[in-house]
Amino acid sequence: MAFPALFDSLKLHLKSRGLTYADIAFALAVSEPTIKRIFSHRDCTMERFAQLCDLAEVDISELARALPRPKRLLSQLSRDQEETLIANEKLFLVSVCAMNQMRFEDMVSTYAISEADCLGMLLRAEKLGILTMHPNNRIKLNVSRHFAWIPNGPIMRYVAAQAADYFDYPFDAPGEVMRIVNVRITRSASAALVNRLEQVAREYSEQHAADAHLPLAERPLLSVCLAARPWEPLLFRQWLRPAP
């Protein structure tokens with residue numbers, strides 16, 4: 001079989017369980033180069049694919065649900081849509097929860113919002129084109145996995161205003177990290193770094209989709225801040241010599 005998207009989704013599930021190519025090869029009694037070849041070519045027999053799914057503890061149907069939808073998905077909202085979201089706290093909360101692939105019942109049990117209010121906000125989000133509601137309060141997202149807020153738009157300005165709340169924290173618990181690295185590198189190296197950061201964002205967006213079928217308790221919230229720009233602390237800038 002040769003369905004590249006299925007192999008990419010399966011690879012994420014295997015990675016999330018900490019399985020390396022060597023682990024997979026040992027479990028299937030084949031060589032590591034064989035496993036590498038399967039994933040590089042994205043091709044193998046149905047029997048072998050089923051064995052890989054068993055290792056990842058995922059059904060093929062779950063992988064298929066994570067495939068890109070044929071209709072065009074939103075990669076960004078308009079400025080008016082963002083302003084509509086940020087103007088209503090409940091609408092913003094429920095919309096972000098939906099975009100984080102929280103189920104209706106999880107939203108109601110996690111936040112102090114009634115079922116009626118939650119449904120009303122979801123229907124408003126549907127009018128904005130963010131999602132589509134289905135029977136039994138099932139939610140189908142209309143946004144791409146690579147969705148991003150408008151740079152310096154209404155939502156990002158709101159997020160920037162929360163910087164003190166985000167960074168006033170030790171970042172010393174397991175699974176947490178905060179580093180600021182100041183370097184002097186070429187413009188091409190700087191561009192390469194930005195590309196790598198974008199790749200990290202894409203990988204964890206894919207992982208987010210791969211884990212969406214798991215119960216909410218197994219998917220604790222993780223907020224990742226990726227940023228890169230020319231910058232010196234104000235203290236340093238005060239000592240700069242004026243340009244001739």
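The values are calculated or read from the model by the stated rules, or taken from the named source; none is laboratory data. Quick caveat: nothing in here was measured; it's all calculated off a predicted structure. Positions of Cβ are backbone-derived with ideal geometry, glycine not excepted, and every protein chain shown enters the neighbour counts. Side chains are part of the model used for accessible areas, which takes the heavy atoms of the whole protein and leaves out ligands, DNA and RNA. Shrake-Rupley method; radii C 1.70, N 1.55, O 1.52, S 1.80 Å.
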- When Pro70 is run through (1) within 22 Å of the chain's Cα centre (by Cα); (2) modelled with pLDDT of 95 or more, the failure sits at (2)
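Residue by residue, here is whether (1) in contact (Cβ under 8 Å) with a residue 40 or more places away in the chain; (2) of a type in the set (Asp, Glu); (3) open to solvent by 90 Å² or more (accessible area, probe 1.4 Å); (4) on the phi > 0 side of the Ramachandran plot holds:
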{"residue": "Pro154", "(1), (2), (3), (4)": "yes, no, no, no"}
{"residue": "Phe171", "(1), (2), (3), (4)": "no, no, no, yes"}
{"residue": "Glu218", "(1), (2), (3), (4)": "no, yes, yes, no"}
{"residue": "Pro230", "(1), (2), (3), (4)": "no, no, yes, no"}
- Message: Going through Thr84, Thr132 one at a time, which residue ends up being open to solvent by 20 Å² or more (accessible area, probe 1.4 Å) and not in a helix (DSSP H, G or I)?
- Response: Thr132
- Message: Against the condition among the aromatic types (Phe, Trp, Tyr) and buried (at least 17 other Cβ atoms within 10 Å of the Cβ), how does Phe7 come out, does it pass?
- Response: yes
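Quick grid of which residues meet (1) more than 30 Å from Asn152 (Cβ to Cβ); (2) without any contact (Cβ under 8 Å) to a residue 60 or more places away in the chain; (3) in contact with a Ser or Thr (Cβ under 8 Å, 6 or more places away or on another chain):
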site: Phe26; (1), (2), (3): yes, yes, no
site: Cys53; (1), (2), (3): yes, yes, no
site: Arg72; (1), (2), (3): no, yes, no
site: Leu85; (1), (2), (3): no, no, yes
site: Leu93; (1), (2), (3): no, yes, no
- Message: Out of the residues in the stretch 10-50 meeting the condition of being within 27 Å of the chain's Cα centre (by Cα) and of a type in the set (S, T, N, Q), tell me which one is surrounded by the fewest Cβ atoms within 10 Å (Cβ to Cβ).
- Response: Ser40
- Message: Which condition from (1) within 20 Å of the chain's Cα centre (by Cα); (2) within 30 Å of Arg72 (Cα to Cα) is the one that His134 breaks?
- Response: (1)
- Those residues that are charged (D, E, K, R), open to solvent by 60 Å² or more (accessible area, probe 1.4 Å) and in a helix (DSSP H, G or I), I need them from the stretch 94-116; list them, please. Glu105, Glu115
